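Everything below concerns the one structure shown next.
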Amino acid sequence: MSIPPNIAQVVAEFAILGEIANVQKVGSGHINDTFHLQNTDASQPDYLLQRINHQVFRNVPGLMQNILRVTEHIKTKLPAAEVETGTLTIVKLHDGTLFHKDHDGNYWRIFHFIKDTQSFDLLTNTQQAYEGGKVFGQFQSMLADLDPELLAHTIPGFNDVKYRLDDLEEAFNNNLAGRAADLKDEIRFIAEREDVMCEILKLGDEDKLPWRITHNDTKFNNILFDHKGLAQCVVDLDTVMPGYLAYDFGDAIRTIINTAAEDEVDISIIDLKINLFTAYAKGYFAAAGGILTPVEVDSLMMGVLLLPYLQAVRFLTDYMNGDIYFKIQHPEHNLQRARAQIQLLKKLEENQHTLQQIIFDFAGRRA
Ligand SMILES: Nc1ncnc2c1ncn2[C@@H]1O[C@H](COP(=O)(O)OP(=O)(O)O)[C@@H](O)[C@H]1O
Ligand SMILES: [Mg+2]
């Protein structure tokens, strides 16, 4: 693509080096619009331009400050040769601001483009799972000595189960789409597990579980792999904020352990890829084992159960509200997604002892 005039105008606001030769759309991210800007000068960096989805991210200044703090901290931990390739690098505007707001109200930012990397929507083997666990573990361990209170809670209540259950109850009571009466089984399933699922919050409230800096979008396509297939770094830091480690662990496992799609209609084929779980946990403990407190080790399995539960709650809420948050491809899509998460959770519960033992083995503990 040659350079569209609106993009040239946006780029002119930023303190880039060299000149842009070419613009290409990248990635399969569902949130932001992302472009690769090639430099005419090979001795200068290529850039990654993103239009930030400010419908999803309401606090763009807080979000960019969070990314700056986190990436600058990570850079102090990286070997000199990896400072540019081991985390994102923000390019500021000429006046030092971290983002540009255009006349239409769009927010834009630029990072250095990290060359010769690729990301995958789905992982296919245990080596990748191990690498994924390791790189998210490294991310958390490099941030273990940065005070989480320095970061803004850019999406309040993001993984807070009580807050999500309140939303569910409100949706049930409002019954805007007239669907609540059909969901008795699903609502009962959610209600039966309420106490167990609040355990992480309870440990946090009792100060037994420390706040940490968490990524909150530990999907596989947010990892950049090098040409040898080794994980190089974690990207997509929009949701970085204070949280509990178990949230990141649980969400990563939720997305890799399922033998079927997140919205699988035939729930009988939903099962667990325990080999990928084991590999991810192994990589995670190799990198983050040293920072985990004993209660955090205990919390990991709670996170594995909690994240599909939270997702089911969110899909059910949206279904009852008439599908206003998640994009749907057909009218029953959110219900189908909720049922698939519930089935995944049933499988996780059936295999809880095995999964717990795998975690404890890596932590050097007995169940
Ligand atoms: N700094 C970077 N250098 C190279 N590629 C990147 C960089 N940041 C992101 N990407 C690629 O672009 C894709 C989309 O970016 P991401 O920040 O994850 O957007 P979204 O929020 O839409 O998921 C990523 O999955 C990754 O493949
Ligand atoms: Mg992404």
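When region 1-42 is limited to residues that are within 16 Å of ligand 2 (Cβ to nearest atom) and surrounded by fewer than 13 Cβ atoms within 10 Å (Cβ to Cβ), the one that is modelled with the highest pLDDT turns out to be K25. Taking G364, is it loosely packed, with under 15 Cβ neighbours inside 10 Å and of a type in the set (G, A, S)? Answer is yes for this residue.
A search for C-beta distances below 6 Å between a residue of region 105-123 that is assigned to a loop (DSSP other than H, G, I, E, B) and any residue that is of a type in the set (K, R) and more than 7 Å from ligand 1 (Cβ to nearest atom), counting only pairs 6+ apart in sequence or on different chains, returns N106/R51. The helices (runs of 4 or more DSSP H) falling completely within region 281-366 that include 2 or more residues that are within 20 Å of E194 (Cβ to Cβ) map to 294-320, 333-350. Looking across region 59-84 at every residue that is in a loop (DSSP other than H, G, I, E, B) and over 20 Å from the mean Cα position of the chain (by Cα), the one that is surrounded by the fewest Cβ atoms within 10 Å (Cβ to Cβ) is identified as P79. Candidates are the residues of region 213-237 that are under 17 Å from L150 (Cβ atoms) and surrounded by 22 or more Cβ atoms within 10 Å (Cβ to Cβ); the one that is farthest from the chain's Cα centre (by Cα) is I213. Hey, among the residues in region 35-72 that are closer than 29 Å to L146 by Cα and of a type in the set (S, T, Y), which one's farthest from ligand 1 (Cβ to nearest atom)? The qualifying residue farthest from ligand 1 (Cβ to nearest atom) is T71.
Screening K101 against (1) within 16 Å of ligand 2 (Cβ to nearest atom); (2) charged (D, E, K, R); (3) modelled with pLDDT of 95 or more leaves a single unmet condition, (1).
The values are calculated or read from the model by the stated rules, or taken from the named source; none is laboratory data. In this text, all values refer to a predicted model and were calculated from it rather than measured experimentally. Methodologically, a virtual Cβ is constructed for each residue, glycine included, from the backbone with ideal geometry; neighbour enumeration extends over all protein chains shown.
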